[in-house]
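Below you'll find the structure, written out as C-alpha cells, and then a few comments.
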Amino acid sequence: MSAHKKLKLEHPSLAKRGQGRFKSPLIPPDVTSGGKLLSVKDKKYLWHPFTQTSEWEKEDILVINKGKGNYLYDTKGRRYLDGVSSLWCNVHGHQKAEIDSAINKQLKQIAHTTMLGLTHPTAIELAEKLINIAPKGLRRVFYSDSGATAVEIALKIAFQYWQQSPRSSLPATRSPDINRGGALRKTKFLTFSNAYHGDTIGSVSLGGMDLFHSTYRPLLFKTIQAPSPYCYRCTEPRRVQCYEPYVVHSPFKSTTNNVNPPCLQKAESLIRKHHRSLAGVVIEPLVQGAAGMITQPKGFLKRLRTLCTKYNILLIADEVATGFGRTGKMFACEHEGVSPDIICIAKGITGGYLPLAATLTTEKIFECFTAPYEENKTFFHGHTYTGNPLGCAAALANLALFKKENIIRSLEPKIAYLKEHLKKFYEINNVGDIRQCGMMVGIELVSNRATKEPYPVKERVGRQVVLEARKHGLILRPLGDVIVLMPPLSITIPELNKLLSVTYQSIENVTVKPGPEQYLKKAGW
Ligand SMILES: Cc1ncc(COP(=O)(O)O)c(C=O)c1O
C-alpha cells in the first residue's frame, strides 16, 4: 500500500483537505503527513541545530522524506538538487544501491555491539582499509561518531601523549621534577582564528569563530591563536600578493608567488616562541570550511608540517570536511605531500549515510599508551556507539565505491567545469570573492565590492539567496553571507550546470536592486 493510500485510511479528512489545496498535478498533497501536520508538530516539539527559532517559526519549512541520487524530495513530492550534500557528507548520492545493500547485509548479522572489550569484523576490516588510504605514517584507528568527537579524541590523545612520553622526547627542562617535564610543559595547542572543529567543549576551545564560540568563552581552555589565512580580508601589510591557488581569480585581483605569506610568518613566530609548551598544532588543511570556505595560500600546510617536525609538536589535521575526495584528492593533506601525526575524519566516511568518525594516529603515539595497566597509560575514552557495525559496513561500501567508480579521477572534469563557470559570478557586482578547492566552493557576497563592506547582519542576504534557490529546486545552506556549494561527488555535469545557474540567478535576484531600467522592463515598457 502506498503511503498516500495508507494516509487516506488513517486521516481521510486531512488527506482530502491536502488534495484540495494543491490543484497542480505537479505538486501532490503532502502524502505522509496530511497537509501541514508534520510542520506543525515540528514547530511544536523540535529545536533545530544552528537555527534561530524565531525565523524557523515563521518559515514555510521543508519536510524531506526521500532522497534519490543527487536529489532530495519533500513530502509534497517536490524535487531539489542537494547542493550541500546534506551538510557536506553525501558522496555517491542518496539510495546508492551498494551502500544500502551493505547496511542491509550487516543488519542481518548485528546492528550494534560494543568495542569496549570486544571487536567485530567490519571495524577491523575498515581500520585496515583506512590505514591503506590515509597519509603515510598513520597506523592506528580510534573510532567515534561525529567530527567533533574525532577532534575531541585527537586533542585528548595529543595531550596525554606528552604526559606519558619518554623523557628523551621532551624539551630540555631545568625543572627539578624532571619526570613531569611533559606534563609541565607540552600542554598547549596552537589554533587558528576562524577555525571550526565541532561543538563539544574541547573542539570549541580549539575553534576560533566568535559568532559560535564567544558565549562559551568562560567554559573553554585557552589556546595560542594564530591568524586565519583569510587572503580576501588580510589585514597584514603586504608588499607582494600571496599565491592563492584555491581562488577563482577575478579581473580585480593580481597574484604573484609569495611563498611566505604574513599569516604564515605569524604562525611561525608563535611556534618558535611557544614550542616548548606546544602539544599540538590543529588545522583544517587547505580550507577553513565553516568559516566560509576560507582557502589557504599554497605551502601553508607544508610549512606547518616542517615547523612541527623541527620543534617536536604534533600536527593534527582536521579533515572532517575536506576528507573523502572533497578537495579533489582523498585527503587534503595530499595536495601538499603532508603526513600529519593525527588525522580526524568523519562526514564522508560512510558516504554520508551514518554517524561514524575516526581519529588516526602514528604508531609512535599508539606505543606511548601501551604499558602495564597499573602504569595508568590507558586512553580512557570511548562512546557507546564507538565503531558501530552498521556505520563501518556503510564505510566499507563507500571505500569500495571510491575504487570501483574511480571517484577521485572522475572529479577532475567536474572541478574544472566548476572553476570555469564560477568566473561568471564576478559579473554580479555584489560578489566579492570566490574560493574553490576541488568540490568545495564559497561565494562571498558583499554590499560594496570596492570596500569589501559586508552586508548588515540584519539583512540576512545569504539566507535570502538560499530561500530564493529553494523556489527553483535547489537546496543550499549559507555560512553568513558566503554561499556554499558542496554537492555530492556523484553530481553530473548537467546537474552542476543547474547548481551554478540557479545559484547565479538567486544571487542576482536577491542582490541586484532594481534600477529604473528593470522597473520599466517589469512594467512591460
Ligand atoms: C573541519 C570540521 N571539523 C569538525 C566538524 C564537526 O563535525 P560534526 O558536525 O560531525 O561534529 C566540522 C563540521 O562541519 C568541520 O567542518
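The values are calculated or read from the model by the stated rules, or taken from the named source; none is laboratory data. For clarity, every value in this text was computed on a predicted model and none was experimentally measured. Virtual Cβ from ideal backbone geometry, glycine too; neighbours counted across all protein chains shown. Surface areas here come from the heavy atoms of the whole protein model, side chains and all, with no ligands, DNA or RNA. Shrake-Rupley method; radii C 1.70, N 1.55, O 1.52, S 1.80 Å.
Please pick out the residue among 137, 147 that is away from the ligand (no atom under 16 Å from the Cβ), open to solvent by 10 Å² or more (accessible area, probe 1.4 Å) and modelled with pLDDT of 95 or more. Result: 137 is the single residue among 137, 147 that is away from the ligand (no atom under 16 Å from the Cβ), open to solvent by 10 Å² or more (accessible area, probe 1.4 Å) and modelled with pLDDT of 95 or more. The criterion of being closer than 29 Å to residue 491 by Cα and modelled with pLDDT of 95 or more does not hold for residue 120.
Condition check: closer than 18 Å to residue 125 by Cα and away from the ligand (no atom under 13 Å from the Cβ). Does residue 390 satisfy that? Judged against the criteria, residue 390 is a match. When every residue of region 282-303 is checked against the conditions, at least one turns out to be part of a helix (DSSP H, G or I) and out of contact with any Leu (no Cβ under 6 Å at 6 or more places or on another chain).
Just one of (1) open to solvent by 10 Å² or more (accessible area, probe 1.4 Å); (2) touching a residue at least 40 places away in the same chain (Cβ under 8 Å); (3) assigned to a loop (DSSP other than H, G, I, E, B); (4) of a type outside the set (S, T, N, Q) fails for residue 489. It is (1). Checked against the criteria, residue 329 counts as outside any helix (DSSP H, G or I), among the charged types (D, E, K, R) and more than 15 Å from the ligand (Cβ to nearest atom). Highlighted here are the helices (runs of 4 or more DSSP H) found entirely within region 44-143 that include at least 1 residues which are among the aromatic types (Phe, Trp, Tyr) and under 22 Å from residue 410 (Cβ atoms): 85-88.
The residue of region 150-168 that is nearest to the ligand (Cβ to nearest atom), among those that are open to solvent by less than 20 Å² (accessible area, probe 1.4 Å) and under 24 Å from the mean Cα position of the chain (by Cα), is 151.
Out of region 311-323, which residues are part of a loop (DSSP other than H, G, I, E, B) and away from the ligand (no atom under 15 Å from the Cβ)? Steps first, please.
Quick first cut of region 311-323, residues part of a loop (DSSP other than H, G, I, E, B) only: 312-313, 319-323.
Listed by number, the residues that qualify are 312, 313.
Restricted to region 340-370, and to residues that are open to solvent by 40 Å² or more (accessible area, probe 1.4 Å) and more than 13 Å from the ligand (Cβ to nearest atom), which residue is nearest to residue 487 (Cα to Cα)? Applying the filter and picking the extreme gives 353. Evaluated against (1) open to solvent by less than 20 Å² (accessible area, probe 1.4 Å); (2) modelled with pLDDT of 95 or more; (3) within 16 Å of the ligand (Cβ to nearest atom); (4) among the hydrophobic types (A, V, I, L, M, F, W, C), residue 308 falls short on exactly one condition, (3).
Annotation for region 263-275: no member residue is within 12 Å of the ligand (Cβ to nearest atom), crowded, with 21+ Cβ neighbours inside 10 Å and either more than 15 Å from the chain's Cα centre (by Cα) or aliphatic (A, V, I, L, M) (or both).
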